[in-house]
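Structure record follows, encoded as structure tokens.
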Amino acid sequence: FFGFVGLFNIISCWPMGVILHFTGIEPFELPSTRKAIAALLINMAITWSSDYLYVIAMLKTTPLVVTIGLSLTIPLAVVGDFLLTKPVQAQVLVGALLVVGAFVVVGIDDAK
């Protein structure tokens, strides 16, 4: 699956990148500083590991549980806002609780 995503991105995005480069809108160049190269490599490692863990999780559970589990980043962001003492609206709290509730319900149903 992820191989096809990459293939479709290469097929559809490279021609657009070439056009943008030759028109001068967005020049194509490699990162020039060591910090940029390090950030690029770290990002590649994080993306690869998250995709790998996503596939392993789908093999061990179900795609539904894994996809809803990915949605748990929403309540995690709300917890981060609390820790940073940022104001959180009631709608955001309700949405975060619904995501956690959906994960619990699907987990219980999947366990049966």
Odd one out for VAL79, checked against (1) closer than 21 Å to LEU53 by Cα; (2) under 21 Å from the mean Cα position of the chain (by Cα); (3) loosely packed, with under 13 Cβ neighbours inside 10 Å: (1)
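Looking only at the stretch 11-27, filter to residues that are exposed (fewer than 10 other Cβ atoms within 10 Å of the Cβ) and of a type in the set (A, V, I, L, M, F, W, C); which one of those is modelled with the highest pLDDT? Steps first, please.
Residues of the stretch 11-27 that are exposed (fewer than 10 other Cβ atoms within 10 Å of the Cβ), as a first pass: 11-12, 23-25, 27.
Narrowing the set further to residues that are of a type in the set (A, V, I, L, M, F, W, C) leaves 11, 25.
Values: ILE11: 89, ILE25: 93.
Top of the filtered list is ILE25.
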Flag for LYS86 being open to solvent by 100 Å² or more (accessible area, probe 1.4 Å) and within 21 Å of GLY3 (Cα to Cα): no
Test result for ASP81, touching a Phe, Trp or Tyr at 6+ places or on another chain (Cβ under 9 Å) and of a type outside the set (Phe, Trp, Tyr): no
Residue list for the stretch 69-90, filter: farther than 30 Å from ILE56 by Cα and among the small types (Gly, Ala, Ser): ALA90
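The values are calculated or read from the model by the stated rules, or taken from the named source; none is laboratory data. Everything quoted here is computed from the prediction, not taken from an experiment. Cβ coordinates were reconstructed from backbone atoms using ideal geometry, including for glycine residues, and neighbour counts include every protein chain displayed. What goes into the accessible areas is simple: the full protein's heavy atoms, side chains included, and nothing from ligands, DNA or RNA. Shrake-Rupley method; radii C 1.70, N 1.55, O 1.52, S 1.80 Å.
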